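Q: Supplied in structure tokens, the structure appears directly below.
The values are calculated or read from the model by the stated rules, or taken from the named source; none is laboratory data. Small disclaimer: the values here were computed from a predicted structure and weren't measured. All Cβ positions, glycine included, derive from the backbone under ideal geometry; neighbour counts span all protein chains shown. Side chains are part of the model used for accessible areas, which takes the heavy atoms of the whole protein and leaves out ligands, DNA and RNA. Shrake-Rupley method; radii C 1.70, N 1.55, O 1.52, S 1.80 Å.
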Amino acid sequence: MQRTSCLRIGWMGVSTALHFLVDGLCVCCLYLMSPWLDASWLFTIFLTYNVLAFMTQPLTGACADRALRPHQLLTGAVCLLALAALGVFSFSLAEDFRGPVGCMIVALLLGMGNSLFHVWGGKQTVMLMGNDMRALGCFVSSGALGLAVGFVFSSWWLLAVLLSAMTFLAGVSVRLSGDVLPNGPSHETITRACPPDGAERHPGPVVVWTAVILVAAFVMFRSYIGEVFSSSATKTQTLVLLMGLVSMAGKMAGGWIAFRFGAARSMAVMLLGFVGCFLFRQTHAVVLLSGLFLVNCTMPVTLYWANGLLKGREGLAFGILAAVLVPGYLLAVFG
């Protein structure tokens, strides 16, 4: 039992590091290609990537729920992302391929690989760790820092490091998950409520999907608020990194807070807190960062609720909540 617990913690650390590497690699590739494109094509490439990376996750999540060998999803994701990174390296050496077509192919590969990776990670976290908000918060946390690092430090050497580390840790993750899963939670217990206020319920499908829609609507609202917070200040490199760290800390802390004090009670306090920060976000950078922290604290709670509602379909649950991030982001940018 002690060995199994250590293996689970090890797998959790590796998967969290992988999330950092994957998001950092995607952003690094996109920004390295940006000098090769004019403004309109650059917008198209970024939009294509985001639509594929996030809005396809309900479909890839449904596939993940049916997959008998989840490690194949990770293998597929790493292969697609590695092809994209190698494509960017190749295009840097061959000017003829630096046009919109080549960059669009890279964006397609990045988007599909990112979609596969995220639903694999969300599903496997529940399979190996249970529907534990602390584990969910841990897995989703590092992506924000990866985005910030990929944006600020985008360079060829960084891309090489991210690609090498991602490939290596993917192999480690497959090995660890194979060691842990035989002794991991059973299918009946992987979505058992972990915090003190959890309770086993069996509502009908109408109630379930109504609740899923409400949770998804809140996540879209959170995406809108988060983007408003992010765009409320002039983005220096230091601030971008600080925002990434604060977002990461919020997601990780949110799981522990909700586990300790209960999901509903913690969500109510977080909601009041970030609405207050939103109203006074122009007053001081500390208020803005505090609001960003509280917004991200809610992420593991919404994942926990969605997993509890869609038991046995955790990949789909993760995918739905990821897909609704895009409308919230677009509403904040163009609204």
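Q: Looking only at the range 232-250, decide whether some residue is over 20 Å from His19 (Cβ atoms) and either at pLDDT 95 or above or small (Gly, Ala, Ser) (or both).
A: Yes - at least one qualifying residue is present in the range 232-250.
Q: Does the range 106-123 contain any residue that is of a type outside the set (A, V, I, L, M, F, W, C), more than 16 Å from Ala53 (Cβ to Cβ) and open to solvent by 10 Å² or more (accessible area, probe 1.4 Å)?
A: Taking every residue of the range 106-123 in turn, at least one turns out to be of a type outside the set (A, V, I, L, M, F, W, C), more than 16 Å from Ala53 (Cβ to Cβ) and open to solvent by 10 Å² or more (accessible area, probe 1.4 Å).
Q: Also, quick follow-up: Could you tell me which numbered condition Gly276 fails, if it satisfies all but one of (1) buried (at least 17 other Cβ atoms within 10 Å of the Cβ); (2) under 17 Å from Gly291 (Cβ atoms)?
A: Status for Gly276: all satisfied but (1).
Q: Considering only the range 210-232, state which residues are open to solvent by 40 Å² or more (accessible area, probe 1.4 Å), aromatic (Phe, Trp, Tyr) and in contact with a Leu (Cβ under 8 Å, 6 or more places away or on another chain).
A: Tyr224
Q: Can we say Gly121 is without any contact (Cβ under 8 Å) to a residue 60 or more places away in the chain, in a helix (DSSP H, G or I) and among the small types (Gly, Ala, Ser)?
A: Criteria not met by Gly121.
Q: Is it the case, given these coordinates, that Leu74 is in contact with a Phe, Trp or Tyr (Cβ under 8 Å, 6 or more places away or on another chain) and modelled with pLDDT of 95 or more?
A: no
Q: Also, quick follow-up: Look at the range 325-335 and say how many of its residues are of a type in the set (A, V, I, L, M) and open to solvent by 30 Å² or more (accessible area, probe 1.4 Å).
A: Summing the residues that are of a type in the set (A, V, I, L, M) and open to solvent by 30 Å² or more (accessible area, probe 1.4 Å) in the range 325-335 gives 4.
Q: For Ala165, state whether it is within 26 Å of Arg8 (Cα to Cα), modelled with pLDDT under 95 and open to solvent by 10 Å² or more (accessible area, probe 1.4 Å).
A: Criteria not met by Ala165.
Q: Which of the numbered conditions does Cys297 fail, given that it passes all the others? Conditions: (1) open to solvent by less than 10 Å² (accessible area, probe 1.4 Å); (2) in contact with a Leu (Cβ under 8 Å, 6 or more places away or on another chain).
A: (2) is the only condition that Cys297 fails.
Q: Report, ordered by the first and then the second residue, all pairs with beta carbons closer than 8 Å, sequence separation of six or more or different chains, a first member in the range 44-66 that is touching a residue at least 24 places away in the same chain (Cβ under 8 Å), and a second member that is among the basic types (Lys, Arg) and crowded, with 16+ Cβ neighbours inside 10 Å.
A: Close Cβ pairs (under 8 Å, with a partner that is among the basic types (Lys, Arg) and crowded, with 16+ Cβ neighbours inside 10 Å) amount to Gly61/Lys123; Gly61/Arg313; Ala62/Arg313; Ala64/Lys123; Asp65/Lys123; Asp65/Arg313.
Q: Something else now. If we keep just the residues of the range 147-162 that are open to solvent by less than 80 Å² (accessible area, probe 1.4 Å) and in a loop (DSSP other than H, G, I, E, B), which is farthest from Phe89 (Cα to Cα)?
A: Looking at the filtered set, the residue picked out is Ser154.
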